[in-house]
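Each remark here refers to the structure printed beneath this line.
The values are calculated or read from the model by the stated rules, or taken from the named source; none is laboratory data. Computed from a predicted model, the values in this text were never measured in an experiment. Neighbour counts run over all protein chains shown; Cβ positions are idealised from the backbone, glycine included. For the accessible areas, the whole protein counts, side chains as well, though only heavy atoms, and no ligand, DNA or RNA atoms are used. Shrake-Rupley method; radii C 1.70, N 1.55, O 1.52, S 1.80 Å.
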Amino acid sequence: MLANASQLVLRNIADLSGKVLLAEPMADNLAAELLHLAPQLQLSCYSTDAAVATSWRQPAVTLYNSAEPAFSDSFDTIVIFYPKSKEQLAYTLSQLKPAIKSTTAVFVTGDNKGGIKSLGSHAQKLGLGANKLDNAKHCLWFSLFGDFAALPKIADSHFSITAAGEQLRLHSLPGVFNHGKLDLGTALLLDNLPVISQGKVLDFACGCGVIGAVLKRKHPQIELFSSDISALAVKATELTLAANKLSGTVIAADGLPEFPKQFDYIVSNPPFHTGIKTDYSIVEAFIAQSATRLSSQGNLTIVANSHLAYQELLQNSFKQVSVIAKANGFVIYRASQKN
């Protein structure tokens, strides 16, 4: 099964030649299709998403799965999948600079609903040009051109917050959830954290690491684990913990990290989107996994938009489910297996 943007890549396969890098592609079967239809191409993939990395991890593909990839070579063709966060395009291009030579053909593809229609003006702000070459599958195919070497290096941003009685310095990168600010849902969650004395605590879908940082600041005796599907979030969380002189283990994982096998508490503002679409399967899998990975006396605390049907999902996996707080269109749920 191929995403629409991936189908557009195949439709324009004649534009690809030599050493080809797919940047931030989808988690689908595009790698296998390209290898079958154009075996002469030398394929590489750059992705900051753990699920995408899994789908592209095969012997015939060179994989770069890092927030700051170290490219070993330049490429003849680069295809960039337009990100949901416009800021992330500049970051992606800044990471790709060492891999772009003067003769590299750079293309951008993406879903019309994801904002790619504005690529022309977006590229202009970056000092680049964009030509629309194809329009199909509700997606667009552009060529991107200009002086890529002149693009600035995009570093992390940082800002300070006061939340749950704690002052913290947070670091973030483009593409990380609510980059550069504390969102209302997480703020409500921080005001309604579980009372924790010790144990293994997981900040799932950690983003910039704010939840784990607050938990570790309030309860320095806990063993903190922070995980996210995004290598950008992993890097941001590492920077946040270091900036606040806090310790913790940060893990890139699609779903709950494999280790440790059991947690005493899981706290999260879990994602409910795949790209631009609401996707209950993500949080449904997360809740089901959490129910099997918590200790018998442990609990799960999450924040959700009030319009999302999370309570039923929680009740399907946990014996006890409570609404802890409601405000500003968000709900805090706490779930456990206690009788």
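Taking only protein heavy atoms and a 1.4 Å probe, what accessible area per residue, in Å², does the chain have with all protein chains in place? Don't skip to the end; give the middle numbers.
Values: 15080 Å² over 339 residues.
On a per-residue basis, the chain sits at 44 Å².
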So in the stretch 112-154, what percent of DSSP beta bridges are antiparallel if you round to the nearest 5?
100 percent
Neighbours of residue 16 by Cβ distance under 14 Å: Lys/Arg at +1, Asp/Glu at -1, summed charge -2
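Give me the net charge of residue 154's neighbourhood, meaning all other residues with Cβ under 14 Å from the Cβ of residue 154; Lys, Arg count +1, Asp, Glu -1.
Working: positive: 86, 97, 125, 153, 235; negative: 68, 87, 156.
With Lys, Arg at +1 and Asp, Glu at -1, the neighbours total +2.
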So, in nm, how far is label residue 143 from label residue 280 when the simple model puts each one 7 Å beyond its Cα toward the Cβ?
4.6 nm
So for the pair residue 160, residue 124, with labels modelled 7 Å out along Cα→Cβ, what separation do we get in nm?
3.9 nm
Based on alpha-carbon positions alone, could you give the equivalent ellipsoid semi-axes of the chain from the gyration tensor, as √(5λ), descending, whole Å?
38, 21, 18
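Counting only protein heavy atoms and using a 1.4 Å probe, what share of the accessible area of the stretch 229-339 belongs to carbon plus sulfur, as a whole percent?
Numbers: 2550 of 5290 Å².
The value for the stretch 229-339 is 48 percent carbon and sulfur by accessible area.
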With a Förster radius of 25 Å, plug the Cβ-Cβ distance of residue 54 and residue 292 into 1/(1 + (r/R0)^6) and report the FRET value to the nearest 0.05.
0.75
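Just flag the trypsin sites (Lys or Arg not before Pro) in the stretch 226-324 sitting in loop per DSSP whose Cβ has no more than 15 other Cβ atoms within 10 Å. Display every interim value, and only then the final one.
Working: sites: 235, 245, 261, 277, 293, 319; in loops: 245, 261, 319.
Those that pass, being in a loop and sparsely packed, are 245, 261, 319.
Which value, in Å³ per residue, describes the convex hull spanned by the Cα atoms of the stretch 1-148?
Values: hull volume 14.8 nm³, N = 148.
Output value, Cα hull per residue: 100 Å³.
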May I have the extent of the alpha carbons of the stretch 216-339 along their three principal axes, as whole Å values ordered from largest to smallest?
38, 38, 29
Straight distance only, please: which lysines reach the Cα of residue 19 with their own Cα at less than 20 Å, same-chain residues fewer than 8 apart left out?
97, 101
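Rounded to the nearest percent, how much of the accessible area of the stretch 41-188 (1.4 Å probe, protein heavy atoms only) is carbon and sulfur?
50 percent
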Inter-part gap, Cα centre of the stretch 205-270 to Cα centre of the stretch 24-44, in whole angstrom, is 33 Å
Treating the angle as unsigned and between 0 and 90°, give the value, to the nearest 10°, between the Cα long axis of helix 231-243 and the longest Cα principal axis of the chain.
50 degrees
